[in-house]
Amino acid sequence: MNMPFENDFSRASDLIKHADALVVAAGAGMGVDSGLPDFRGNEGFWKAYPALGRARINFYEAASPAMFQRDPRLAWGFYGHRLMLYRETAPHPGFEILKRWGQGMRHGVFVFT
C-alpha cells in the first residue's frame, strides 16, 4: 500500500540526486534555530539592538543604503555586529544535511534565509 505523497517524495529525492545545484529558500527558522535574532518583527530586532529600538529605527531603515548617508557610524556598526553574529553562530544541523545533499553537485547548495 502506497502512503500519500510517497511518489512525490520519491520524485523529489530523484530530482535532488540528479541536480547540478540546489537553491534553498529557508526562511528565518533555520537562522533563529541557530541562535540568530529574528528580524521579521521589531520585537526580535529591537531586543538584539536596543539602541535602535529606543530610537524607533526598524530593520529595513537600519539596513538601507540611506542609513549610510544619514548616519554612517550607526550603519557600519549595525552591519559589523550582524557580520560578527553570523561568524560566531554555529549553524543549525539542517544546514549540514543540505550540505551533504549538495556533495557531488557540480554547483553545490545555496541556502538563503
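Do we have ASP14 as of a type outside the set (Phe, Trp, Tyr) and over 25 Å from GLU88 (Cβ atoms) here?
yes
Is it true that ALA48 is over 20 Å from the mean Cα position of the chain (by Cα) and either on the phi < 0 side of the Ramachandran plot or surrounded by fewer than 16 Cβ atoms within 10 Å (Cβ to Cβ) (or both)?
In short, no.
Which of the following residues is under 18 Å from the mean Cα position of the chain (by Cα) and surrounded by 12 or more Cβ atoms within 10 Å (Cβ to Cβ): GLY53, GLY35, GLY77?
Selected residue: GLY35, the only one of GLY53, GLY35, GLY77 that is under 18 Å from the mean Cα position of the chain (by Cα) and surrounded by 12 or more Cβ atoms within 10 Å (Cβ to Cβ).
Just give me the residues in region 1-42 being out of contact with any Gly (no Cβ under 9 Å at 6 or more places or on another chain), without any contact (Cβ under 8 Å) to a residue 12 or more places away in the chain and closer than 23 Å to TRP76 by Cα, in sequence order.
GLY41
Any chance region 47-68 includes a residue that's within 28 Å of ILE97 (Cβ to Cβ), hydrophobic (A, V, I, L, M, F, W, C) and assigned to a helix (DSSP H, G or I)?
yes
Of ALA19, ALA12, which residue is surrounded by 11 or more Cβ atoms within 10 Å (Cβ to Cβ), more than 13 Å from the chain's Cα centre (by Cα) and part of a loop (DSSP other than H, G, I, E, B)?
ALA19
Working only within region 8-43, note down all residues that are on the phi > 0 side of the Ramachandran plot and either touching a Cys at 6+ places or on another chain (Cβ under 9 Å) or at pLDDT 90 or above (or both).
none
Can you tell me how many residues in region 29-46 are touching a Pro at 6+ places or on another chain (Cβ under 7 Å) and part of a helix (DSSP H, G or I)?
2
The values are calculated or read from the model by the stated rules, or taken from the named source; none is laboratory data. In this text, all values refer to a predicted model and were calculated from it rather than measured experimentally. Note that we place each Cβ from the backbone using ideal geometry, even for glycine, and neighbour counts take in every protein chain shown.
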